[in-house]
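Everything on this sheet refers to the single structure shown next.
The values are calculated or read from the model by the stated rules, or taken from the named source; none is laboratory data. Because the structure is a prediction, the values reported are computed rather than measured. Cβ: placed from backbone, ideal geometry, glycine included. Neighbour counts: every protein chain shown.
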Amino acid sequence: MRQPSKRSEFYNQVYEIVRAIPAGRVITYGSIASLIPPPMDIDPLAYTRVRARWVGYGMASCPDEVPWHRVINAQGRVSMRMGHGPHVQRVLLEEEGVVFDQQGGVDLESYRWVPTTDWLLARGLIPPPVENNSSKPNQPDLF
């Protein structure tokens, strides 16, 4: 896995992920952060505590062609961006077909973008853990 060694390399990985988000889909700061391996000189546990904030810092200074509006917070809400109020992000997402509830949130189950494992591995990123959706406890069958 490719480990970022400098802030600019970390931000470039963030921007690569964000550029891949299709119109009408969103991803959270924390979800992006979980896909990027910790920098070589950072303790992995410490990294897990700050990585979403680092993504936020990167998004605050992202190039104009990065679709920044597709990154939202973990509660499914828009976040402030320098030079823009939250209404700008909401309008841009609504123009792409994203629907907000009465509390101003996005249903992450419906609109969350999850990159494919192949896409992530090709870029040296970390695939998200596979969820076990089984309601059956993990016990051996007795009969």
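Looking only at the stretch 103-113, how many residues end up being surrounded by fewer than 14 Cβ atoms within 10 Å (Cβ to Cβ) and modelled with pLDDT of 95 or more?
Total meeting the criteria: 3.
Could you list, in sequence order, the residues of the stretch 12-28 that are basic (Lys, Arg) and part of a helix (DSSP H, G or I)?
Arg19 - this is the single residue of the stretch 12-28 that is basic (Lys, Arg) and part of a helix (DSSP H, G or I).
Of the conditions (1) in a helix (DSSP H, G or I); (2) farther than 16 Å from Ile21 by Cβ, Leu120 satisfies every one except a single condition; which number is it?
(2)
Given the conditions (1) at pLDDT 95 or above; (2) closer than 16 Å to Ile17 by Cα; (3) not in a loop (DSSP other than H, G, I, E, B), report the number of the one that Val66 does not fulfil.
Condition not satisfied by Val66: (3).
Here is a list: Pro22, Pro37. Which entry is more than 18 Å from Gln75 (Cα to Cα), in contact (Cβ under 8 Å) with a residue 40 or more places away in the chain and surrounded by 15 or more Cβ atoms within 10 Å (Cβ to Cβ)?
Answer to the selection: Pro37.
Just checking, which of Tyr29, Tyr57, Tyr47 is under 23 Å from Arg112 (Cβ atoms), of a type in the set (Ser, Thr, Tyr) and either in contact with a His (Cβ under 8 Å, 6 or more places away or on another chain) or surrounded by 18 or more Cβ atoms within 10 Å (Cβ to Cβ) (or both)?
Tyr29
Taking into account only those residues within the stretch 1-19 that are among the aliphatic types (A, V, I, L, M) and touching a residue at least 60 places away in the same chain (Cβ under 8 Å), which is farthest from Pro129 (Cα to Cα)?
Ile17
Please determine, by comparing only the residues of the stretch 123-143 that are within 22 Å of Ala20 (Cα to Cα) and of a type in the set (A, V, I, L, M, F, W, C), which one is modelled with the lowest pLDDT.
Val130
In the set Val88, Val78, which member is modelled with pLDDT under 95 and in a loop (DSSP other than H, G, I, E, B)?
Step by step, each of Val88, Val78 is checked, and only Val78 is modelled with pLDDT under 95 and in a loop (DSSP other than H, G, I, E, B).
With respect to the numbered conditions (1) farther than 21 Å from Val114 by Cα; (2) surrounded by 12 or more Cβ atoms within 10 Å (Cβ to Cβ); (3) at pLDDT below 90, which one is the sole condition not fulfilled by Gln3?
Gln3 satisfies every listed condition except (1).
Are there any pairs, at least 6 apart or on different chains, whose C-beta atoms fall under 7 Å, with the first in the stretch 46-73 and in contact (Cβ under 8 Å) with a residue 40 or more places away in the chain and hydrophobic (A, V, I, L, M, F, W, C) and the second part of a loop (DSSP other than H, G, I, E, B) and surrounded by 13 or more Cβ atoms within 10 Å (Cβ to Cβ), and if so, which?
Matching pairs, first to second residue: Trp68/Cys62; Ile72/Val78; Ile72/Ser79.
Give the number of residues within the stretch 91-113 that are in contact (Cβ under 8 Å) with a residue 40 or more places away in the chain and part of a loop (DSSP other than H, G, I, E, B).
4
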